[in-house]
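The values are calculated or read from the model by the stated rules, or taken from the named source; none is laboratory data. Remember, it's a predicted structure, so these values are computed and weren't measured experimentally. Methodologically, a virtual Cβ is constructed for each residue, glycine included, from the backbone with ideal geometry; neighbour enumeration extends over all protein chains shown.
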There are 2 protein chains.
Amino acid sequence: MGAGEDGLNRGFMALADPVRRRIIARLSTGPATVNDLAAPFEISKQAISKHIQVLEQAGLVTRSRDAQRRPVHLDAAALELLTAWIDRYRLVHEQQYRALDAVLASDGRSAPATNPGTTTAHGTSTSEEES
Amino acid sequence: MGAGEDGLNRGFMALADPVRRRIIARLSTGPATVNDLAAPFEISKQAISKHIQVLEQAGLVTRSRDAQRRPVHLDAAALELLTAWIDRYRLVHEQQYRALDAVLASDGRSAPATNPGTTTAHGTSTSEEES
DNA sequence: TCGTTGATCAACTGTGTGGTTGATTACGCT
DNA sequence: AGCGTAATCAACCACACAGTTGATCAACGA
């Protein structure tokens, strides 16, 4: 819950590592134990355990209990939150770009496109908050 | 170009910082200079310059030249690459989950859902590569 | 030419992360 | 009870990153 600020930090930080990304890729096909996850890597099992802790604190995976092994399974909802953040600003930017194209197409008065607006976008300056 | 492995590292790492995320949010409304970007923050201008270098090396932004100022503008294509990576495994996982639901619905023989498959998904084990 | 502004470069510091090895807990098996 | 296995805890090391201050470069303006 909450996690609207720190959750993005941990979430993207968790994805900024090839080992953790490969762990997620593996978990997308079904849950697995720490030993299973550590098998394809050269590093120690403790290191994998730490990686899983990072993923767990980011909310990307959860761990249940099955006897002495703790199967890890993916949480797709957290991944969706991250894509949602990126898509928000990606789409805003594309929309803005389309609007610029419209302006250039309708009015090609003077000064070609060599001056890409140095100090623009000061109007709605209060919208720079995070979610 | 390539950047199919390191690009994801730099890309997600770049997003794993609230300052850089706010910079991206600002740039989604249009290009801006380093001074403009540094204004709403408490940290020094050099720190912002470093953040922009990180974003640039990640391919998320590009810098052009306008007299003595270097306006920064967003590159939405790089953002799309990151969402594409997440969505790939997110969708695979949801599809897998739906398949499990189908199995449970069609055949409720024995052993209820308390055993979430500890060592499953070994069949297509060669698909654990990154893009 | 001189001063100002925009921006970067060059050390330096503190802290966090990724990895290691060694010891410890928890459970299952015989 | 005793042993093997699954997994974590704890201490430690190397390195990269975020931030600082001070100096430097490049371009405009009077």
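Kindly indicate whether residue A:42 is within 15 Å of DNA strand C (Cβ to nearest atom) and not in a helix (DSSP H, G or I). The answer is yes for residue A:42.
When the residues of region B:50-67 are filtered to those that are part of a loop (DSSP other than H, G, I, E, B) and of a type outside the set (A, V, I, L, M), which remaining residue is nearest to the other protein chains (Cβ to nearest Cβ)? Among those residues, the one meeting the criterion is B:64. Among the conditions (1) in contact with a Leu (Cβ under 8 Å, 6 or more places away or on another chain); (2) more than 14 Å from DNA strand D (Cβ to nearest atom), the only one that residue A:80 does not satisfy is (1). Quick one: would you say residue A:47 is modelled with pLDDT of 95 or more and among the aliphatic types (A, V, I, L, M)? So residue A:47 passes the test. Within region B:53-71, the set of residues being near DNA strand C (Cβ under 8 Å from one of its atoms), surrounded by fewer than 21 Cβ atoms within 10 Å (Cβ to Cβ) and in contact (Cβ under 8 Å) with a residue 24 or more places away in the chain comprises B:69, B:70.
You will find that of B:25, B:47, B:14, B:77, the residue that is over 16 Å from residue A:12 (Cα atoms), more than 14 Å from DNA strand C (Cβ to nearest atom) and in a helix (DSSP H, G or I) is B:77 and no other. In summary, residue A:34 fulfils each of the numbered conditions (1) within 26 Å of residue B:95 (Cβ to Cβ); (2) more than 7 Å from chain B (Cβ to nearest Cβ); (3) of a type in the set (A, V, I, L, M); (4) out of contact with any Ser or Thr (no Cβ under 8 Å at 6 or more places or on another chain) with the single exception of condition (4). Among the conditions (1) more than 10 Å from every other protein chain (Cβ to nearest Cβ); (2) more than 20 Å from residue B:15 (Cα to Cα), residue A:70 misses just one, which is (1). Selection of region A:1-42 for residues being acidic (Asp, Glu) and either more than 18 Å from residue A:59 (Cβ to Cβ) or in contact with a strand residue (DSSP E or B) (Cβ under 7 Å, 6 or more places away or on another chain) (or both) yields A:36, A:42. Restricting region B:10-52 to residues that are among the β-branched types (Val, Ile, Thr) and more than 10 Å from DNA strand D (Cβ to nearest atom), the residue that is surrounded by the most Cβ atoms within 10 Å (Cβ to Cβ) is B:23. Within the option set A:37, A:79, being within 24 Å of residue A:7 (Cβ to Cβ) and under 21 Å from the mean Cα position of the chain (by Cα) holds for one residue only, A:79. Filtering region B:79-88 for residues that are of a type in the set (Asp, Glu) and farther than 22 Å from residue A:96 by Cβ leaves a non-empty set.
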